[in-house]
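See below for the structure under consideration.
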Amino acid sequence: MLNKPYTFELSDIDATMTRYDKHIQRPLSAMRGQYHDVAAYEALLATGDIELYQVYENTRPAAAGELPHGLSILHPGRVGDEYFMTKGHFHRVLETGEVYHCLQGHGMIVMETPEGDWAVEELTPGRVLYIPPRWAHRSVNIGDGQDLVTFYIYPGNAGHDYGTIEQKGFRKLVVAGPDGPQIVDNPRWGK
Ligand code: PAN
Ligand code: ZN
């Protein structure tokens with residue numbers, strides 16, 4: 001791993017990063033149990049295991065002073081009335097935050113703490129979101145036919161706890177309502 005300063009290009013036009021050493025593609029099958037409309041999920045999966053999002057990362061050692069960073073590209077679409085979204089996670093070391101910078105598209109970031117606080121922030125190109133320590137986070141693409149592209153930076157010692165969200169979900173969902181995106185209670189939260 002390079003331990004000298006480096007630069008790279010981040011394109012907000014075609015959502016590319018000219019330097020990365022990790023590439024993740026998450027398909028619909030990785031989201032089993034997360035969408036509230038199970039029938040809609042199974043029906044969509046039956047038509048094919050489509051890609052929901054990709055992540056390009058410059059990985060760094062798992063040390064507190066390091067800052068892994070990368071690009072998250074979440075495609076548009078819905079499962080029933082629920083928009084395509086990332087798995088979402090707590091950081092394994094809860095006392096670590098993260099910065100998201102939106103480059104493209106239209107999104108909502110759904111967040112909550114173990115103590116029961118929740119928040120939803122909207123992202124449009126140019127907007128930056130600061131996620132403080134303790135807040136689990138999930139990206140939701142509410143854009144019309146456009147990828148949601150965000151650049152992120154988080155501490156190297158953070159780690160990822162996916163299990164808590166896989167089991168409980170987030171307290172709030174973002175669904176398509178008659179007048180656009182709506183934040184609603186997750187009927188399956190904690191179940
Ligand atoms: C982001 C996320 C990325 C994909 O880099 O990892 O958007 O979401 P999931 O990891 O929830 O699948 C981040 O928050 N890193 O800590
Ligand atoms: Zn994170």
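The table below lists the values:
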| read-out | value |
| --- | --- |
| Tally of residues being within 15 Å of ligand 2 (Cβ to nearest atom) and closer than 14 Å to K22 by Cα across the range 59-99 | 7 |
| Count of the range 119-163 residues which are closer than 18 Å to R78 by Cβ and in a loop (DSSP other than H, G, I, E, B) | 6 |
| Residues (touching a strand residue (DSSP E or B) at 6+ places or on another chain (Cβ under 9 Å), closer than 30 Å to P5 by Cβ and surrounded by fewer than 15 Cβ atoms within 10 Å (Cβ to Cβ)) located in the range 49-66 | T59 |
| Meets criteria (of a type in the set (V, I, T), assigned to a strand (DSSP E or B), more than 30 Å from Y6 (Cα to Cα) and out of contact with any Cys (no Cβ under 9 Å at 6 or more places or on another chain)) for V110 | yes |
| Qualifying residue in the range 21-31 (condition: free of Cβ contacts under 8 Å to residues at least 40 places away in the same chain, touching an Asp or Glu at 6+ places or on another chain (Cβ under 8 Å), surrounded by 11 or more Cβ atoms within 10 Å (Cβ to Cβ) and part of a loop (DSSP other than H, G, I, E, B)) | yes |
| Boolean, I183 is in a strand (DSSP E or B), of a type in the set (V, I, T) and within 16 Å of ligand 2 (Cβ to nearest atom) | no |
| Selection count, the range 34-70, where residues are closer than 30 Å to F8 by Cα and of a type in the set (A, V, I, L, M, F, W, C) | 7 |
| Candidates M17, M1, filtered to the one that is surrounded by fewer than 11 Cβ atoms within 10 Å (Cβ to Cβ) and touching a residue at least 40 places away in the same chain (Cβ under 8 Å) | M1 |
| Residue check for A46: more than 20 Å from F170 (Cα to Cα), without any contact (Cβ under 8 Å) to a residue 60 or more places away in the chain, exposed (fewer than 12 other Cβ atoms within 10 Å of the Cβ) and small (G, A, S) | yes |
| Which numbered condition Q104 misses (of (1) more than 13 Å from the chain's Cα centre (by Cα); (2) within 15 Å of ligand 2 (Cβ to nearest atom); (3) within 22 Å of G70 (Cα to Cα)) | (2) |
| Looking only at the range 68-107, and only at residues there that are small (G, A, S) and part of a strand (DSSP E or B), the one that is surrounded by the most Cβ atoms within 10 Å (Cβ to Cβ) | G107 |
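We did not get these values from a lab; they are worked out from the coordinates using the rules stated. This one's a predicted model, so the numbers in the text were calculated from it and none came from an experiment. Please note: Cβ atoms are built from the backbone with ideal geometry, for glycine as well, and neighbour counts cover all protein chains shown.
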